[in-house]
Amino acid sequence: MQTSADIVLSPPDAIAASGVARTRSTQVRATARDYISLAKPRIIVLLLITEVATMVIAARGIPSLALLFWAALGGALASGGSGAINCWYDRDIDRVMARTCSRPLPSGRILPWQALTFGVSLIAASVLVFSLAVNTLAAALALAGGLFYVFIYTMLLKRRTPLNIVIGGAAGAFPPLVGWAAVTGTVGWLAFVLFALVFLWTPPHFWSLALLLRRDYRNASVPMLPGIIGTARTHRRILLYLLALITASLLPGLTLGIGYSIGAVLLGGCYLALALWARAKGSSHAAAVLFHYSLAYLALIFVVGAVTAVVLG
């Protein structure tokens with residue numbers, strides 16, 4: 001009797017089998033990339049910088065590696081889950097926007113129920129990680145941030161009001177609260193100041209993006225500020241928010257010292273100068289430069305805070 005061990009594939013059969021295996025492997029990798037993209041990994045990285053930097057500031061040094069790992073994992077899961085649910089809910093408007101039409105859901109590579117299940121599972125995993133490995137306050141704050149992003153920003157505000165990102169920006173400001181709670185088990189005044197930094201940073205950051213994507217947002221009927229009040233008035237709003245942001249960014253210097261204050265002034269001064277330049281230019285290129293600097297600004301202001309906290313010990 002012939003067994004499977006006795007079967008020898010002919011060269012064409014072996015080549016075909018190898019091709020099938022490679023195709024399956026390629027499909028698995030492509031699907032994995034699609035699920036990762038649903039989680040919005042670039043946003044995760046930026047939010048983790050604010051969370052981990054806040055942990056260093058709260059600890060006045062480097063927390064234990066175990067705490068850093070579990071808090072970062074929990075934060076990544078919370079952010080990724082809410083991002084995936086955002087993609088699930090916004091799949092209809094993503095389909096009509098040039099920037100988003102090739103995402104996994106509009107293109108049909110991932111089904112809506114799969115994306116929703118993925119997002120809910122990530123948020124549930126985040127709560128579990130924080131509850132078991134960090135503390136319940138951090139778990140509650142991470143969950144609150146995710147729910148705020150999904151229900152308040154995505155479902156309630158985004159399509160209804162140009163204040164969508166003004167109020168909804170609070171969702172992205174939760175990671176500093178989570179980071180502080182992870183280290184101390186409480187939320188101190190400086191944690192709320194760091195929350196305010198992200199909250200005040202969010203509108204000018206997204207409005208600079210909206211200046212670039214006015215047509216996309218108009219096609220999707222999303223009331224972003226440039227499409228409602230025009231480019232010139234949007235630039236004025238950006239400048240007003242930047243003045244408030246720069247003022248708030250100086251407050252941590254009361255405890256972090258002159259080194260942090262100098263860094264905050266330099267970063268804020270560059271941001272303000274670029275905003276004035278972008279307003280004068282009024283071009284898409286200038287708006288793009290302003291948008292990309294805003295990303296660097298948020299990361300760097302938190303890194304400066306963390307470095308000065310370590311130095312102060």
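Here, each number is a calculation from the coordinates, and none is a lab measurement. Here the structure is a predicted model, which means the values were calculated and not measured. Please note: Cβ atoms are built from the backbone with ideal geometry, for glycine as well, and neighbour counts cover all protein chains shown.
Points to keep in mind about this one:
- Judged by the ratio a/c of the largest to the smallest principal axis of the C-alpha gyration tensor, region 122-232 counts as prolate, that ratio being 1.5 or greater while a/b is larger than b/c.
- The value given for region 67-137 is a Kirkwood hydrodynamic radius of 12.9 Å, derived from the mean inverse Cα-Cα separation.
- Histogram of C-alpha separations across the chain, 20 Å bin width, %: 30, 52, 14, 4, 0
- Compared with the direct C-alpha span, the chain from V120 to F151 gains 9.9 nm at full extension, assuming 0.36 nm per residue.
- Normalised size of region 122-170, defined as Cα radius of gyration per 2.2 N^0.38 Å with N residues, equals 1.34.
- Sequence-distant residues sharing a close amide H with M224 (under 5 Å, placed H): none
- Residue range of the chain that is longest and free of trypsin sites (Lys or Arg not before Pro) which are both DSSP loop and sparsely packed (at most 16 other C-beta within 10 Å): 161-313
- Region 230-271 shape via C-alpha gyration tensor axes, a/c threshold 1.5: prolate
- Gyration tensor verdict on region 12-162 (Cα atoms; rounded if a/c is under 1.5, prolate if a/b is larger than b/c, oblate otherwise): oblate
- The Kirkwood radius of region 33-105, taken over pairs of alpha-carbon atoms, gives through the Stokes-Einstein law at 37 °C and 0.692 mPa s a diffusion coefficient of 242 µm² s⁻¹.
- Average projection, convex hull of the Cα set of region 240-313: 4.5 square nanometres.
- Under 15 Å, Cβ to Cβ, from G305 - net charge with Lys/Arg +1 and Asp/Glu -1: 0
- Contour excess over end-to-end distance, with Cα ends at I229 and R29 and 0.36 nm allotted per residue: 67.6 nm
- Annotation: average projected area of region 171-313 is 8.7 square nanometres, based on the convex hull of Cα atoms across all directions.
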